[in-house]
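Every number in this text was worked out from the coordinates using simple rules, so none of it is lab data. Everything numeric in this text was worked out from a predicted model, so none of it was measured. Neighbour counts are summed over all protein chains in view; Cβ atoms, including those assigned to glycine, are modelled from backbone coordinates with ideal geometry.
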Amino acid sequence: MARSTRQPSLDAPRGRSGMLQRTPQPSSDRFGRFSEAFARAMGTSGFLIGMTIFVAVWLAWNIFMPPQLQFDPAATNFTLLTLILSLQASYAAPLILLAQNRQDDRDRVQIEQDRQRAERNLADTEYLAREVVALRMAVNDFADQVLTRDVLRSELRAMLEKLESSPEVEDGAAR
């Protein structure tokens, strides 16, 4: 068997020779995802219907079957069923709280991103408003400088009248 001449990566643990090596993967929060899936499942009508059917079958079996086939008799007040439901509740509450905490963290991140986006939008809007004002001012300045036909005619008439009223210029100088 030929040995690899590749240099070992410093971010991966060294493996033992001859054993399968797992490539390093980003840390995944499997338990957190499990708790969210559990909380989602417990909040469905299917879960409630399934649990109701389970309890009804359990009670019916332990009430109507012959005593030798009952595994949680009514005489003991269905102790085993009570323990199972208590165990389920004792695990369900912390898992649901964990799922809620994860959702709160996601909501907090989303709110922060929304706030940053709103700040950028406000800054962009203010910039655009300043640009619109500058354009309006430039247009107003330009409109004051625009020479219309009537203004040009009146200016030309005034110059013509000025030229006509001024003393005659010598013929040699006019040419």
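Derived scalar couplings between HN and Hα for region 86-94 equal 5, 4, 4, 5, 5, 8, 5, 4, x Hz in order, rounded to whole Hz, by the Karplus curve 6.51 cos²θ - 1.76 cosθ + 1.60 (θ = phi - 60°), x for Gly and Pro.
Whole-percent P(r), region 30-157, all Cα pairs, 10 Å bins from 0: 10, 18, 14, 12, 9, 8, 7, 7, 6, 4, 3, 2, 0. For the pair L59 and Q100, a Förster radius of 35 Å applied to the C-beta separation gives a FRET efficiency near 0.65, rounded to the nearest 0.05.
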